[in-house]
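Participant: The structure's right below; bear with me while I get my questions together.
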Amino acid sequence: MTPDNEDLWFLPLGGTGEIGMNLNLYGHDGRWLMVDCGVTFPRPGRVAADGTVHHGGEPPVQMADPAFIADRREQLAGLVITHAHEDHVGAVPYLWPLLQCPVYTSRFTAEILRRKLAEFDLLHRVPIIEVETGQTRQIGPFSVQWLALTHSIPDPNALMIRTPIGNIFHSGDWKLDDQPLVGHGYSRKTFSDLAAEGVDAMVCDSTNATLPGHSVSEATLHEGLIRLIANAEGRVVVTCFGSNIARLHTLASIARETGRYMGLLGRSLVNMSGAAKAAGLWDAADQLINPSHIGYLPRNEVLAAATGSQGEPRTALRRLAAGNHPDFELEAGDTVIFSARAIPGNEEAIKALISRLSALGVKVITAESADLPIHASGHPAQEELELMYNWVKPAIAIPVHGEAEHMETHATIARATGVPRALVGRNGDLFMIRPVPGMRRQITATGRLGWEKQVLVRVG
Ligand SMILES: [Zn+2]
Ligand SMILES: [Zn+2]
(Lines give C-alpha, C1' and ligand atoms only; values in the text may rest on other atoms or scores of the structure.)
(Ligands and ions follow the chains in the order given, each with its own letter.)
Protein backbone atom coordinates (compact mmCIF):
# COMPACT_ATOMS: atom_id res chain seq x y z
CA MET A 1 0.00 0.00 0.00
CA THR A 2 1.92 3.02 -1.27
CA PRO A 3 0.52 6.47 -2.12
CA ASP A 4 1.23 7.64 -5.66
CA ASN A 5 1.69 11.20 -6.85
CA GLU A 6 -2.07 11.81 -7.01
CA ASP A 7 -2.66 10.56 -3.47
CA LEU A 8 -2.58 12.57 -0.28
CA TRP A 9 -3.25 10.38 2.74
CA PHE A 10 -3.43 10.75 6.49
CA LEU A 11 -2.92 7.65 8.61
CA PRO A 12 -2.92 8.00 12.41
CA LEU A 13 -1.36 5.06 14.24
CA GLY A 14 -1.66 6.55 17.74
CA GLY A 15 -3.51 9.39 19.51
CA THR A 16 -6.72 9.24 17.49
CA GLY A 17 -9.37 7.71 19.73
CA GLU A 18 -7.27 8.23 22.86
CA ILE A 19 -5.32 11.00 24.54
CA GLY A 20 -1.65 10.01 24.44
CA MET A 21 0.96 8.26 22.28
CA ASN A 22 0.47 10.38 19.19
CA LEU A 23 1.89 8.96 15.98
CA ASN A 24 0.65 10.35 12.66
CA LEU A 25 1.63 9.61 9.07
CA TYR A 26 1.07 11.58 5.89
CA GLY A 27 1.54 9.82 2.56
CA HIS A 28 2.21 11.24 -0.91
CA ASP A 29 4.17 10.21 -4.01
CA GLY A 30 5.70 7.04 -2.63
CA ARG A 31 6.84 8.61 0.64
CA TRP A 32 5.63 9.09 4.19
CA LEU A 33 6.08 11.90 6.70
CA MET A 34 5.71 11.08 10.38
CA VAL A 35 4.41 13.76 12.75
CA ASP A 36 5.05 13.09 16.46
CA CYS A 37 6.08 9.89 18.17
CA GLY A 38 4.82 9.81 21.76
CA VAL A 39 4.10 7.57 24.70
CA THR A 40 1.30 7.16 27.17
CA PHE A 41 1.19 5.92 30.75
CA PRO A 42 -1.56 3.31 31.17
CA ARG A 43 -4.04 3.82 33.95
CA PRO A 44 -4.08 1.44 36.87
CA GLY A 45 -6.50 -1.38 36.13
CA ARG A 46 -6.22 -1.07 32.37
CA VAL A 47 -5.37 -4.27 30.53
CA ALA A 48 -2.09 -3.95 28.68
CA ALA A 49 -0.95 -5.51 25.40
CA ASP A 50 0.40 -8.62 27.07
CA GLY A 51 -2.86 -9.27 28.93
CA THR A 52 -1.49 -8.14 32.29
CA VAL A 53 -3.29 -5.62 34.45
CA HIS A 54 -1.37 -2.63 35.72
CA HIS A 55 -1.87 -2.31 39.48
CA GLY A 56 -0.03 0.93 40.15
CA GLY A 57 3.59 1.46 41.10
CA GLU A 58 6.01 2.37 38.34
CA PRO A 59 3.84 2.70 35.24
CA PRO A 60 4.82 0.84 32.10
CA VAL A 61 5.13 3.12 29.11
CA GLN A 62 3.06 2.35 26.07
CA MET A 63 3.33 3.51 22.48
CA ALA A 64 1.70 2.97 19.10
CA ASP A 65 2.62 -0.08 17.05
CA PRO A 66 5.07 1.22 14.42
CA ALA A 67 5.00 -1.99 12.29
CA PHE A 68 3.23 -0.37 9.35
CA ILE A 69 5.91 2.26 8.85
CA ALA A 70 8.84 0.22 10.16
CA ASP A 71 8.09 -2.27 7.35
CA ARG A 72 8.37 0.61 4.85
CA ARG A 73 11.07 2.62 6.47
CA GLU A 74 12.84 3.31 3.17
CA GLN A 75 9.69 5.29 2.27
CA LEU A 76 9.85 7.39 5.44
CA ALA A 77 11.19 10.83 4.56
CA GLY A 78 11.40 12.19 8.08
CA LEU A 79 9.88 12.67 11.52
CA VAL A 80 8.61 16.05 12.69
CA ILE A 81 8.05 16.60 16.43
CA THR A 82 5.57 19.42 17.12
CA HIS A 83 6.50 19.96 20.80
CA ALA A 84 8.23 18.38 23.78
CA HIS A 85 5.37 16.79 25.70
CA GLU A 86 5.80 13.07 26.36
CA ASP A 87 2.77 12.12 24.28
CA HIS A 88 4.52 13.66 21.24
CA VAL A 89 8.24 13.00 21.74
CA GLY A 90 8.49 10.24 24.36
CA ALA A 91 8.65 7.24 22.01
CA VAL A 92 11.49 8.49 19.84
CA PRO A 93 14.25 6.72 21.81
CA TYR A 94 12.29 3.44 21.65
CA LEU A 95 11.17 3.57 18.02
CA TRP A 96 13.89 5.50 16.21
CA PRO A 97 16.07 2.37 15.75
CA LEU A 98 13.17 0.93 13.69
CA LEU A 99 12.75 4.13 11.67
CA GLN A 100 16.28 5.55 11.20
CA CYS A 101 15.07 8.82 9.69
CA PRO A 102 16.05 12.45 10.30
CA VAL A 103 14.13 14.27 13.05
CA TYR A 104 12.99 17.88 12.55
CA THR A 105 11.97 20.00 15.50
CA SER A 106 12.21 23.31 17.33
CA ARG A 107 15.16 24.22 19.54
CA PHE A 108 13.57 23.60 22.93
CA THR A 109 12.12 20.27 21.80
CA ALA A 110 15.53 19.31 20.41
CA GLU A 111 17.07 20.04 23.85
CA ILE A 112 14.57 17.72 25.52
CA LEU A 113 15.00 15.05 22.86
CA ARG A 114 18.80 15.08 23.16
CA ARG A 115 18.52 14.49 26.91
CA LYS A 116 16.27 11.48 26.26
CA LEU A 117 18.46 10.04 23.52
CA ALA A 118 21.54 10.32 25.72
CA GLU A 119 19.92 7.96 28.22
CA PHE A 120 19.50 5.40 25.43
CA ASP A 121 23.00 5.89 24.02
CA LEU A 122 21.47 7.19 20.79
CA LEU A 123 22.57 10.80 20.98
CA HIS A 124 25.11 10.64 18.17
CA ARG A 125 23.11 8.35 15.91
CA VAL A 126 19.90 10.36 15.51
CA PRO A 127 20.18 13.27 13.06
CA ILE A 128 18.28 16.20 14.61
CA ILE A 129 17.53 19.20 12.42
CA GLU A 130 16.50 22.31 14.38
CA VAL A 131 13.89 24.45 12.67
CA GLU A 132 12.90 27.98 13.63
CA THR A 133 9.28 29.02 13.78
CA GLY A 134 8.20 30.39 10.41
CA GLN A 135 10.78 28.38 8.46
CA THR A 136 9.99 25.80 5.79
CA ARG A 137 11.79 22.51 5.18
CA GLN A 138 11.44 20.22 2.19
CA ILE A 139 11.13 16.69 3.57
CA GLY A 140 10.79 14.26 0.68
CA PRO A 141 7.78 15.40 -1.35
CA PHE A 142 6.41 17.40 1.60
CA SER A 143 7.11 21.06 2.10
CA VAL A 144 6.61 21.63 5.81
CA GLN A 145 6.29 25.07 7.39
CA TRP A 146 6.54 25.63 11.16
CA LEU A 147 3.82 28.01 12.39
CA ALA A 148 3.75 29.75 15.77
CA LEU A 149 0.97 28.68 18.11
CA THR A 150 0.63 28.69 21.89
CA HIS A 151 0.34 25.72 24.30
CA SER A 152 1.53 24.86 27.83
CA ILE A 153 5.19 24.29 26.92
CA PRO A 154 7.73 26.47 25.11
CA ASP A 155 8.13 26.31 21.33
CA PRO A 156 4.92 24.56 20.25
CA ASN A 157 4.31 24.63 16.53
CA ALA A 158 1.52 23.93 14.12
CA LEU A 159 2.50 22.70 10.66
CA MET A 160 1.41 23.61 7.16
CA ILE A 161 2.22 20.58 5.03
CA ARG A 162 2.21 21.42 1.33
CA THR A 163 2.31 19.04 -1.61
CA PRO A 164 1.71 19.73 -5.33
CA ILE A 165 -1.79 18.20 -5.00
CA GLY A 166 -2.99 19.52 -1.67
CA ASN A 167 -2.27 21.21 1.64
CA ILE A 168 -2.82 20.01 5.20
CA PHE A 169 -2.87 22.13 8.33
CA HIS A 170 -1.73 20.00 11.29
CA SER A 171 -2.50 21.95 14.47
CA GLY A 172 -0.45 20.03 17.04
CA ASP A 173 -1.52 20.76 20.63
CA TRP A 174 -2.60 24.38 21.02
CA LYS A 175 -4.64 27.03 22.75
CA LEU A 176 -5.03 30.70 21.94
CA ASP A 177 -3.06 32.44 24.68
CA ASP A 178 -2.58 36.17 24.12
CA GLN A 179 -0.05 36.29 26.97
CA PRO A 180 1.87 33.01 26.98
CA LEU A 181 4.71 34.63 29.04
CA VAL A 182 7.48 32.49 27.52
CA GLY A 183 8.50 32.05 23.90
CA HIS A 184 6.57 33.07 20.83
CA GLY A 185 2.91 34.00 20.73
CA TYR A 186 0.61 33.49 17.80
CA SER A 187 -0.91 35.69 15.15
CA ARG A 188 -4.37 35.37 13.72
CA LYS A 189 -3.01 36.43 10.33
CA THR A 190 -0.83 33.29 10.14
CA PHE A 191 -4.02 31.24 9.96
CA SER A 192 -6.23 33.49 7.86
CA ASP A 193 -3.41 33.55 5.28
CA LEU A 194 -3.68 29.77 5.08
CA ALA A 195 -7.34 30.07 4.16
CA ALA A 196 -6.45 32.40 1.29
CA GLU A 197 -4.01 29.79 0.02
CA GLY A 198 -6.43 26.88 0.48
CA VAL A 199 -6.38 24.14 3.11
CA ASP A 200 -7.68 20.72 2.04
CA ALA A 201 -7.69 19.20 5.51
CA MET A 202 -7.17 20.42 9.06
CA VAL A 203 -5.99 17.76 11.52
CA CYS A 204 -6.71 19.23 14.92
CA ASP A 205 -6.51 18.83 18.74
CA SER A 206 -9.79 17.59 20.34
CA THR A 207 -8.70 17.37 24.01
CA ASN A 208 -11.03 20.06 25.34
CA ALA A 209 -13.68 20.06 22.58
CA THR A 210 -16.38 19.26 25.13
CA LEU A 211 -15.58 22.38 27.20
CA PRO A 212 -17.45 25.61 26.45
CA GLY A 213 -15.67 28.95 26.39
CA HIS A 214 -12.02 29.87 26.08
CA SER A 215 -8.97 28.49 27.92
CA VAL A 216 -7.41 30.66 30.64
CA SER A 217 -4.20 32.54 29.79
CA GLU A 218 -1.00 31.72 31.69
CA ALA A 219 -0.72 35.41 32.58
CA THR A 220 -3.96 35.43 34.58
CA LEU A 221 -2.64 32.80 37.04
CA HIS A 222 -0.29 35.29 38.67
CA GLU A 223 -3.12 36.90 40.60
CA GLY A 224 -4.52 33.69 42.05
CA LEU A 225 -1.12 32.28 42.92
CA ILE A 226 0.32 35.44 44.51
CA ARG A 227 -2.75 35.85 46.69
CA LEU A 228 -2.31 32.35 48.10
CA ILE A 229 1.46 32.58 48.47
CA ALA A 230 1.50 36.09 49.98
CA ASN A 231 -0.96 34.97 52.64
CA ALA A 232 0.87 31.74 53.51
CA GLU A 233 2.82 31.70 56.77
CA GLY A 234 5.17 28.74 56.48
CA ARG A 235 6.86 27.17 53.50
CA VAL A 236 4.98 27.02 50.23
CA VAL A 237 5.35 24.10 47.85
CA VAL A 238 3.68 24.43 44.45
CA THR A 239 3.32 21.30 42.38
CA CYS A 240 2.94 21.67 38.61
CA PHE A 241 3.92 20.01 35.34
CA GLY A 242 7.68 20.39 34.91
CA SER A 243 7.41 21.27 31.24
CA ASN A 244 5.32 24.38 31.91
CA ILE A 245 8.18 26.89 31.89
CA ALA A 246 5.69 29.80 31.89
CA ARG A 247 4.28 28.55 35.20
CA LEU A 248 7.80 28.39 36.66
CA HIS A 249 8.39 31.94 35.44
CA THR A 250 5.21 33.10 37.22
CA LEU A 251 6.30 31.35 40.42
CA ALA A 252 9.79 32.86 40.24
CA SER A 253 8.28 36.33 39.87
CA ILE A 254 6.01 35.70 42.84
CA ALA A 255 8.99 34.48 44.88
CA ARG A 256 10.70 37.84 44.28
CA GLU A 257 7.54 39.79 45.03
CA THR A 258 6.89 37.95 48.29
CA GLY A 259 10.48 37.79 49.58
CA ARG A 260 10.88 34.07 49.13
CA TYR A 261 13.66 31.99 47.54
CA MET A 262 12.64 29.52 44.89
CA GLY A 263 14.03 26.02 44.50
CA LEU A 264 13.08 23.17 42.17
CA LEU A 265 12.39 19.71 43.58
CA GLY A 266 12.32 16.71 41.25
CA ARG A 267 14.20 15.49 38.23
CA SER A 268 11.78 16.56 35.51
CA LEU A 269 11.65 20.15 36.82
CA VAL A 270 15.43 20.39 36.90
CA ASN A 271 15.65 18.79 33.46
CA MET A 272 13.05 21.06 31.87
CA SER A 273 14.48 24.25 33.36
CA GLY A 274 17.92 23.19 32.10
CA ALA A 275 16.52 22.71 28.59
CA ALA A 276 14.80 26.10 28.79
CA LYS A 277 18.09 27.75 29.77
CA ALA A 278 19.94 26.00 26.93
CA ALA A 279 17.25 27.10 24.45
CA GLY A 280 17.40 30.73 25.62
CA LEU A 281 13.90 30.59 27.10
CA TRP A 282 14.74 31.11 30.77
CA ASP A 283 14.40 34.64 32.14
CA ALA A 284 17.73 35.54 33.77
CA ALA A 285 15.85 37.34 36.55
CA ASP A 286 14.26 34.03 37.61
CA GLN A 287 16.92 32.94 40.04
CA LEU A 288 16.84 29.57 41.70
CA ILE A 289 18.46 28.35 44.87
CA ASN A 290 19.99 24.95 45.42
CA PRO A 291 17.20 22.88 47.00
CA SER A 292 19.59 21.51 49.61
CA HIS A 293 19.57 25.03 51.15
CA ILE A 294 15.81 25.07 51.66
CA GLY A 295 15.96 23.28 55.00
CA TYR A 296 18.18 26.04 56.43
CA LEU A 297 16.04 28.99 55.42
CA PRO A 298 13.34 30.60 57.55
CA ARG A 299 10.12 28.84 56.59
CA ASN A 300 8.42 32.00 55.34
CA GLU A 301 11.27 32.57 52.87
CA VAL A 302 10.75 29.31 50.98
CA LEU A 303 8.86 28.72 47.73
CA ALA A 304 9.52 25.30 46.20
CA ALA A 305 8.19 24.00 42.91
CA ALA A 306 7.84 20.23 43.08
CA THR A 307 7.07 17.31 40.81
CA GLY A 308 4.26 14.95 41.74
CA SER A 309 1.01 16.76 40.97
CA GLN A 310 -0.52 13.43 39.88
CA GLY A 311 0.44 11.60 43.05
CA GLU A 312 3.04 9.58 41.17
CA PRO A 313 5.39 7.40 43.21
CA ARG A 314 8.98 8.55 43.82
CA THR A 315 8.23 12.18 42.93
CA ALA A 316 9.26 15.07 45.17
CA LEU A 317 5.82 15.76 46.61
CA ARG A 318 5.20 12.08 47.47
CA ARG A 319 8.53 12.04 49.31
CA LEU A 320 7.69 15.21 51.19
CA ALA A 321 4.33 13.73 52.18
CA ALA A 322 6.06 10.57 53.36
CA GLY A 323 8.64 12.58 55.31
CA ASN A 324 11.58 11.10 53.41
CA HIS A 325 12.65 13.91 51.12
CA PRO A 326 16.42 14.48 51.42
CA ASP A 327 16.21 18.29 51.47
CA PHE A 328 13.62 19.17 54.12
CA GLU A 329 10.48 18.09 55.96
CA LEU A 330 7.07 19.65 55.67
CA GLU A 331 5.56 20.79 58.96
CA ALA A 332 2.18 21.89 60.26
CA GLY A 333 1.44 25.38 58.90
CA ASP A 334 3.20 24.83 55.58
CA THR A 335 1.15 25.08 52.38
CA VAL A 336 0.99 22.85 49.31
CA ILE A 337 -0.65 24.25 46.16
CA PHE A 338 -1.69 22.03 43.24
CA SER A 339 -1.22 24.23 40.16
CA ALA A 340 -2.30 21.38 37.90
CA ARG A 341 -5.36 19.40 37.02
CA ALA A 342 -5.86 15.72 37.76
CA ILE A 343 -5.29 13.58 34.69
CA PRO A 344 -8.21 11.12 34.53
CA GLY A 345 -7.23 7.92 36.27
CA ASN A 346 -4.99 9.62 38.84
CA GLU A 347 -7.76 10.88 41.16
CA GLU A 348 -7.26 8.15 43.78
CA ALA A 349 -3.49 8.64 43.97
CA ILE A 350 -3.97 12.40 44.34
CA LYS A 351 -6.61 11.95 47.03
CA ALA A 352 -4.28 9.69 49.02
CA LEU A 353 -1.48 12.23 48.67
CA ILE A 354 -3.68 15.09 49.86
CA SER A 355 -4.83 13.17 52.91
CA ARG A 356 -1.22 12.36 53.86
CA LEU A 357 -0.31 16.04 53.57
CA SER A 358 -3.36 17.08 55.58
CA ALA A 359 -2.41 14.57 58.28
CA LEU A 360 0.89 16.44 58.66
CA GLY A 361 -1.05 19.66 59.29
CA VAL A 362 -0.17 21.02 55.85
CA LYS A 363 -2.73 23.30 54.24
CA VAL A 364 -3.61 21.95 50.79
CA ILE A 365 -5.06 24.11 48.00
CA THR A 366 -6.15 22.60 44.70
CA ALA A 367 -7.20 24.19 41.42
CA GLU A 368 -10.78 23.24 42.36
CA SER A 369 -10.69 24.71 45.87
CA ALA A 370 -8.94 27.98 44.98
CA ASP A 371 -11.09 31.11 44.50
CA LEU A 372 -9.17 32.30 41.44
CA PRO A 373 -7.63 30.26 38.59
CA ILE A 374 -4.27 28.72 39.53
CA HIS A 375 -4.06 26.33 36.59
CA ALA A 376 -4.61 26.84 32.86
CA SER A 377 -5.18 24.13 30.32
CA GLY A 378 -3.02 24.07 27.20
CA HIS A 379 -5.81 22.93 24.87
CA PRO A 380 -8.52 24.75 22.94
CA ALA A 381 -12.05 24.94 24.31
CA GLN A 382 -15.02 25.41 21.99
CA GLU A 383 -14.62 29.15 21.30
CA GLU A 384 -11.00 28.66 20.30
CA LEU A 385 -11.89 25.80 17.94
CA GLU A 386 -14.56 27.99 16.35
CA LEU A 387 -12.08 30.82 15.87
CA MET A 388 -9.49 28.55 14.29
CA TYR A 389 -12.01 27.03 11.85
CA ASN A 390 -13.17 30.50 10.91
CA TRP A 391 -9.58 31.51 10.20
CA VAL A 392 -8.29 28.39 8.41
CA LYS A 393 -11.51 27.39 6.57
CA PRO A 394 -10.44 23.86 5.66
CA ALA A 395 -12.38 21.69 3.21
CA ILE A 396 -12.22 18.75 5.63
CA ALA A 397 -11.89 18.70 9.42
CA ILE A 398 -10.16 15.66 10.91
CA PRO A 399 -10.36 15.70 14.71
CA VAL A 400 -7.51 13.86 16.49
CA HIS A 401 -5.89 13.91 19.98
CA GLY A 402 -9.01 12.79 21.83
CA GLU A 403 -11.33 10.01 22.78
CA ALA A 404 -14.38 9.31 20.61
CA GLU A 405 -16.57 11.73 22.57
CA HIS A 406 -14.09 14.61 22.17
CA MET A 407 -13.63 13.95 18.47
CA GLU A 408 -17.38 13.69 17.76
CA THR A 409 -18.08 16.97 19.58
CA HIS A 410 -15.15 18.57 17.75
CA ALA A 411 -16.60 17.41 14.39
CA THR A 412 -19.96 18.97 15.26
CA ILE A 413 -18.27 22.28 16.07
CA ALA A 414 -16.31 22.18 12.80
CA ARG A 415 -19.47 21.55 10.75
CA ALA A 416 -21.30 24.34 12.58
CA THR A 417 -18.60 26.81 11.52
CA GLY A 418 -19.22 25.85 7.88
CA VAL A 419 -16.56 23.18 7.26
CA PRO A 420 -18.10 21.03 4.48
CA ARG A 421 -16.94 17.68 5.88
CA ALA A 422 -15.69 16.46 9.22
CA LEU A 423 -14.35 12.91 9.43
CA VAL A 424 -14.03 11.05 12.71
CA GLY A 425 -11.92 7.93 12.65
CA ARG A 426 -9.46 6.19 14.89
CA ASN A 427 -5.97 4.72 14.89
CA GLY A 428 -5.44 2.56 11.83
CA ASP A 429 -7.98 4.38 9.66
CA LEU A 430 -6.66 5.69 6.36
CA PHE A 431 -8.03 9.13 5.49
CA MET A 432 -7.88 9.75 1.74
CA ILE A 433 -7.71 13.51 1.39
CA ARG A 434 -6.86 13.14 -2.31
CA PRO A 435 -7.97 12.02 -4.85
CA VAL A 436 -11.38 11.24 -3.36
CA PRO A 437 -11.96 13.89 -0.76
CA GLY A 438 -13.24 12.45 2.44
CA MET A 439 -13.00 8.75 1.84
CA ARG A 440 -11.87 6.74 4.77
CA ARG A 441 -11.02 3.10 4.97
CA GLN A 442 -9.31 0.88 7.46
CA ILE A 443 -5.89 -0.36 6.60
CA THR A 444 -6.35 -3.98 5.76
CA ALA A 445 -2.79 -4.63 4.65
CA THR A 446 -1.67 -5.00 8.24
CA GLY A 447 -4.98 -5.39 10.02
CA ARG A 448 -6.52 -2.78 12.28
CA LEU A 449 -3.95 -1.28 14.59
CA GLY A 450 -5.99 -1.07 17.75
CA TRP A 451 -5.07 -0.68 21.38
CA GLU A 452 -4.54 -4.42 21.70
CA LYS A 453 -1.59 -4.42 19.32
CA GLN A 454 0.36 -1.62 20.90
CA VAL A 455 3.87 -2.06 22.11
CA LEU A 456 4.34 -2.23 25.85
CA VAL A 457 7.67 -1.39 27.39
CA ARG A 458 8.22 -1.55 31.12
CA VAL A 459 10.64 1.10 32.36
CA GLY A 460 12.59 1.47 35.60
ZN1 LIG B 1 -0.59 16.08 23.39
ZN1 LIG C 1 1.06 18.96 24.47
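The values are calculated or read from the model by the stated rules, or taken from the named source; none is laboratory data. Keep in mind that this is a model prediction, so the values were computed, not measured. Note that we place each Cβ from the backbone using ideal geometry, even for glycine, and neighbour counts take in every protein chain shown. Only protein heavy atoms, including side chains, enter the accessible area calculation; ligands, DNA and RNA are left aside. Shrake-Rupley method; radii C 1.70, N 1.55, O 1.52, S 1.80 Å.
Participant: How far, in nm, would the chain grow between Ala70 and Ile129 when pulled straight, counting 0.36 nm per residue and subtracting the alpha carbon separation?
Facilitator: Numbers: separation 59, 0.36 × 59 = 21.24 nm, distance 2.10 nm.
Once the chain is fully extended between Ala70 and Ile129, it gains 19.1 nm.
Participant: Given a Förster radius of 51 Å and the C-beta distance between Thr136 and Glu223 as r, what FRET efficiency does 1/(1 + (r/R0)^6) yield to the nearest 0.05? Walk me through the numbers before you get to the answer.
Facilitator: Values: r = 40 Å, r/R0 = 0.78.
Efficiency for this residue pair is about 0.80.
Participant: Under the definition of Cα pairs under 8 Å and six or more residues apart, what whole-number percent is the relative contact order of the stretch 149-276?
Facilitator: Numbers: 154 pairs, mean separation 31.4, N = 128.
Dividing the mean separation by the residue count of the stretch 149-276 yields 25 percent.
Participant: Same structure again: For every helix of n ≥ 4 consecutive DSSP H residues, a contribution of -39,500 (n - 2.57) applies; sum these over the chain, divide by its total residues, and give [θ] at 222 nm rounded to the nearest 500 deg cm²/dmol.
Facilitator: Details: 12 runs with 118 residues, N = 460.
Theoretical 222 nm ellipticity from helices: -7500 deg cm²/dmol.
Participant: Please give the charge dipole size of the chain, origin at the Cα centre, charges +1 on K and R Cβ atoms and -1 on D and E Cβ atoms. Round to the nearest 20 debye.
Facilitator: Details: 40 positive and 50 negative charges, 98 e Å.
The dipole of the chain has a size of about 480 debye.
Participant: Could you rank Tyr26, Tyr261 by how accessible they are, 1.4 Å probe, largest area first? Please report the intermediate quantities before stating the final value.
Facilitator: Details: Tyr26 0, Tyr261 110 Å².
Listed by decreasing accessible area, they come as Tyr261, Tyr26.
Participant: Got the relative contact order for the stretch 220-353 handy, in percent, Cα pairs under 8 Å and 6 or more residues apart?
Facilitator: Working: 215 pairs, mean separation 45.9, N = 134.
Here the relative contact order equals 34 percent.
Participant: Please quote Rg/Rh for the chain to two decimal places, taking the Kirkwood radius as Rh and restricting both calculations to Cα atoms.
Facilitator: On the way: Rg = 22.1 Å, Rh = 22.7 Å.
Radius of gyration over Kirkwood radius for the chain works out to 0.97.
Participant: Antiparallel DSSP bridges in the chain: what percent, to the nearest 5? Please report the intermediate quantities before stating the final value.
Facilitator: Values: 41 of 79 bridges.
Rounded to the nearest five, the antiparallel share is 50 percent.
Participant: Once ligands and nucleic acids are excluded and a 1.4 Å probe is used, how much of Asp173 is accessible, expressed in Å² to the nearest 10?
Facilitator: Surface accessible to solvent at Asp173 totals approximately 10 Å².
Participant: Could you check the simple spin-label distance between Glu408 and Ile165, using points 7 Å along Cα→Cβ, in nm with one decimal?
Facilitator: So the label points at Glu408 and Ile165 sit 3.3 nm apart.
Participant: Sorted from largest down, give the three principal axis spans of the alpha carbons of the stretch 233-355, whole angstrom values.
Facilitator: So the extents along the principal axes, rounded to whole Å, are 38, 32, 23.
Participant: At 10 °C and a viscosity of 1.306 mPa s, what translational diffusion coefficient does Stokes-Einstein give for the stretch 51-154, taking Rh as the Kirkwood radius over Cα pairs? Give it in µm²/s as a whole number. Mind showing how you got there, number by number?
Facilitator: Working: Rh = 15.1 Å.
Estimated via Stokes-Einstein, D reaches 105 µm²/s.
Participant: Right, here's the next one. Using only Cα atoms, locate the centre of the stretch 347-364 and the centre of the stretch 140-193, then give the distance between them in Å, rounded to an integer.
Facilitator: Answer, in whole Å: 39.
Participant: Can you list the aspartates and glutamates whose alpha carbon sits under 19 Å from that of Lys277, skipping same-chain ones fewer than 8 residues off?
Facilitator: The qualifying aspartates and glutamates are Glu111, Glu130, Glu132, Asp155, Asp286.
Participant: If you wrap a convex hull around the alpha carbons of the stretch 313-426, what volume per residue comes out, as a whole number of Å³?
Facilitator: Numbers: hull volume 16.0 nm³, N = 114.
Dividing the Cα hull volume of the stretch 313-426 by its residues yields 141 Å³.
Participant: Counting other C-beta atoms within 10 Å, and keeping those with at most 14, which DSSP coil GluC sites (Glu not before Pro) do you find in the stretch 264-340? Present the calculation step by step, with values, prior to reporting the outcome.
Facilitator: Numbers: sites: Glu301, Glu329, Glu331; in loops: Glu329, Glu331.
Of the GluC sites (Glu not before Pro), the ones in loops of the stretch 264-340 whose Cβ has at most 14 other Cβ atoms within 10 Å are Glu329, Glu331.
Participant: If I stretch the segment between Asp193 and Asn390 completely, what's the gain in nm (0.36 nm per residue apart, minus their alpha carbon distance), one decimal?
Facilitator: That works out to 69.8 nm of additional length.
Participant: Once label points are set 7 Å from the Cα along Cα→Cβ at both Ala118 and Lys351, what is their separation, rounded to one decimal in nm?
Facilitator: Calculated label separation equals 4.1 nm.
Participant: Here is a further query. Say the dipole of the chain comes from +1 at the beta carbon of Lys and Arg and -1 at that of Asp and Glu; which of Ile289, His151, Pro66 then lies farthest toward its positive end?
Facilitator: Result: Pro66, furthest along the dipole toward the positive end.
Participant: Here's another thing I want to ask about it. For the residue pair Asp283 and Ala416, what label-to-label distance in nm results when each label sits 7 Å from Cα along the Cα-to-beta-carbon direction?
Facilitator: Computed distance between label sites Asp283 and Ala416 equals 3.7 nm.
Participant: Oh, and also: Loop only per DSSP, at most 14 neighbouring Cβ atoms within 10 Å: give me the GluC sites (Glu not before Pro) in the stretch 367-428, ordered by residue number. Walk me through the intermediate numbers first.
Facilitator: Values: sites: Glu368, Glu383, Glu384, Glu386, Glu403, Glu405, Glu408; in loops: Glu368, Glu403.
Of the GluC sites (Glu not before Pro), the ones in loops of the stretch 367-428 whose Cβ has at most 14 other Cβ atoms within 10 Å are Glu368.
Participant: Report the GluC sites (Glu not before Pro) located in the stretch 56-137 that are in a DSSP loop and have at most 14 other Cβ atoms inside 10 Å of their Cβ, or state none. If you can, show how the numbers build up before the last one.
Facilitator: On the way: sites: Glu74, Glu86, Glu111, Glu119, Glu130, Glu132; in loops: Glu132.
Filter output for the stretch 56-137: Glu132.
Participant: Hey, what did the chain get for relative contact order, percent, Cα under 8 Å, at least 6 apart?
Facilitator: Numbers: 1080 pairs, mean separation 90.7, N = 460.
Contact order relative to length: 20 percent.
Participant: Classify the stretch 230-275 as rounded, prolate or oblate from the Cα gyration tensor: take a ≥ b ≥ c as the square roots of its eigenvalues, call it rounded if a/c is under 1.5, otherwise prolate when a/b beats b/c and oblate if not. Don't skip to the end; give the middle numbers.
Facilitator: Details: a/c = 2.30, a/b = 1.81, b/c = 1.27.
Prolate shape, in that a/c is at least 1.5 and a/b is the bigger ratio.
Participant: Shifting gears a bit: Once you compute Rg and the Kirkwood Rh from C-alpha atoms, what is the Rg to Rh ratio for the stretch 113-206?
Facilitator: Working: Rg = 15.1 Å, Rh = 14.8 Å.
Radius of gyration relative to Kirkwood radius: 1.02.
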